[in-house]
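The block underneath contains the structure these notes are about, expressed in structure tokens.
The values are calculated or read from the model by the stated rules, or taken from the named source; none is laboratory data. Note that the structure is predicted; figures quoted are calculated from it, not measured. FYI the Cβ positions are ideal-geometry reconstructions off the backbone, even for glycines, and counts take in every protein chain you see.
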Amino acid sequence: MLNVKITGTGGYLPEKIVTNKDFESTLDTTDEWIYARTGIKQRHVIAKHETTSSMAEMAANNALEAANIDASEIDLIIVGTSSPDRVFPSTACILQHKLGAGNGPAFDVQAACSGFIYALGIAHQFIKSSGAKKALVIGAEANSRILDYTDRNTCVIFGDGAGAVVLEAADEPGILSTHMHADGQYQDLLYINNPIKDQRADGENSYMTMHGNDVYKVAVKTLSRIVDETLEANGLAKSDVDWLIPHQANIRIISSVAKKLKMPMERVILTIENQGNTSAASVPLALDLAVRDGRIKKGDMVLMEAFGGGFVWGSALVKM
């Protein structure tokens, strides 16, 4: 039976750091207020010369090096992003050229904060069906370019960065299952308007809008359900999961999902304090961190999950 393994991980964070203290002079907020409600202390912000694709390139090269393969061997690239370089061509297509990868399919997935999980699930099916042999899956976001820095409901939460994994066909178990869902009835709770401003007659801006309390309520219920769905699909108990890698949206949401799993927070990979919410990049960045610092080892059972605007949500159960 053909399986799909994660054979390399990579990440990239911009050099510039913005702390909670930095917002105190421009917003009606404090370091203590932000941290108490989100668990965030700081976030990385992209430089003027950087782009979503340039961050993705750095993360991809790190993942390729870890997998010990050349970019020319990659025959599929999928990028999860809500902040692409251009409307088209896709960030994945731009990245393919930058890396010197093969001329296989390259495309973006727009699934908000669930973008990486969606992209992973698609690549998983590509390889299982022999549509590709080696794939790059990336979550990359330049969130700072789609934020209103007078809106404390959003600008203090999000950061920039990119995370990547290399997937390869394998004989041994790897990705055990992926699960993806969507419900468009909640579209007005978390969204960004069409960025082509000169075509908008209503004068609305194209910054992120979020109704945080409503998002929180739906996210906790939804992510709890997908934990059960994922374990049931694989005939596993909660105790079989070694590590939880959640989307780094809010420490209260993360704690609620960990409680549902009966998992101590020591077994949850957290980056939110130092990275903020990097949207589609948060899960692969957390995975890369834990692989490189030695917490996640070969053979560990890892549950990844994410939830984002749409609403869209998903999970992946992976044996490393």
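Consider only pairs whose beta carbons are under 9 Å apart and that are at least six residues apart or on different chains; among these, list those whose first residue lies in the range 176-196 and is outside the structural domain of Phe88 (by TED's automatic domain parsing) and under 20 Å from Pro84 (Cβ atoms) and whose second residue is at pLDDT below 95 and in a helix (DSSP H, G or I).
Cβ pairs passing all conditions: Leu190/Gly212; Leu190/Asp214; Leu190/Val215; Ile192/Ile146; Pro195/Ile146.
Output the qualifying pairs, or none if there are none: Cβ atoms under 8 angstrom, residues six or more apart or on different chains, first residue in the range 139-164 and among the charged types (D, E, K, R) and surrounded by fewer than 24 Cβ atoms within 10 Å (Cβ to Cβ), second residue outside any loop (DSSP other than H, G, I, E, B) and at pLDDT 95 or above.
Arg152/Phe23
Can you tell me which residues in the range 91-120 are surrounded by 23 or more Cβ atoms within 10 Å (Cβ to Cβ) and out of contact with any helix residue (DSSP H, G or I) (no Cβ under 6 Å at 6 or more places or on another chain)?
If the condition is that a residue be surrounded by 23 or more Cβ atoms within 10 Å (Cβ to Cβ) and out of contact with any helix residue (DSSP H, G or I) (no Cβ under 6 Å at 6 or more places or on another chain), then Ala92, Gln96, Ala112, Ser114, Ile117, Tyr118, Ala119, Leu120 are the ones that fit.
State yes or no: is Asp85 at negative phi and either among the small types (Gly, Ala, Ser) or surrounded by fewer than 18 Cβ atoms within 10 Å (Cβ to Cβ) (or both)?
The answer is no for Asp85.
On the basis of being assigned by TED's automatic domain parsing to the domain that holds Ala286 and out of contact with any helix residue (DSSP H, G or I) (no Cβ under 8 Å at 6 or more places or on another chain), does Ala123 make the cut?
No.
Tell me which residues, restricted to the range 95-149, are within 18 Å of Thr81 (Cβ to Cβ) and of a type in the set (Ser, Thr, Tyr).
Ser114, Tyr118, Ser144
Here is a list of conditions, (1) modelled with pLDDT of 95 or more; (2) small (Gly, Ala, Ser); (3) not in a helix (DSSP H, G or I), and Ser130 meets all of them except one; can you say which number that is?
Answer for Ser130: the failing condition is (1).
Got at least one residue in the range 86-101 being under 30 Å from Asp22 (Cβ atoms) and not in a helix (DSSP H, G or I)?
There is at least one residue in the range 86-101 that is under 30 Å from Asp22 (Cβ atoms) and not in a helix (DSSP H, G or I).
Would it be correct to say that Ala71 is in contact (Cβ under 8 Å) with a residue 12 or more places away in the chain and within 14 Å of Val166 (Cβ to Cβ)?
Against the criterion (in contact (Cβ under 8 Å) with a residue 12 or more places away in the chain and within 14 Å of Val166 (Cβ to Cβ)), Ala71 qualifies.
From the list Thr209, Thr230, Thr222, exactly one residue is outside the structural domain of Arg152 (by TED's automatic domain parsing), at pLDDT 90 or above and either assigned to a loop (DSSP other than H, G, I, E, B) or among the hydroxyl-bearing types (Ser, Thr, Tyr) (or both). Which is it?
Thr230
Determine if the range 24-46 includes at least one residue that is in a loop (DSSP other than H, G, I, E, B), without any contact (Cβ under 8 Å) to a residue 60 or more places away in the chain and either within 23 Å of the chain's Cα centre (by Cα) or closer than 30 Å to Ala169 by Cα (or both).
There is no residue in the range 24-46 that is in a loop (DSSP other than H, G, I, E, B), without any contact (Cβ under 8 Å) to a residue 60 or more places away in the chain and either within 23 Å of the chain's Cα centre (by Cα) or closer than 30 Å to Ala169 by Cα (or both).
Just checking, which of Asp293, Asp288, Asp214 is among the charged types (D, E, K, R), at pLDDT 95 or above and within 23 Å of Phe158 (Cβ to Cβ)?
The unique qualifying residue is Asp288.
Quick test for you: out of Ala249, Ala286, Ala258, pick the one residue that is under 22 Å from Lys16 (Cα atoms), part of a helix (DSSP H, G or I) and either in contact with a Pro (Cβ under 6 Å, 6 or more places away or on another chain) or assigned by TED's automatic domain parsing to the domain that holds Val218 (or both).
Ala286
So is Tyr149 assigned by TED's automatic domain parsing to the domain that holds Arg86 and of a type in the set (Phe, Trp, Tyr) or not?
It is true that Tyr149 is assigned by TED's automatic domain parsing to the domain that holds Arg86 and of a type in the set (Phe, Trp, Tyr).
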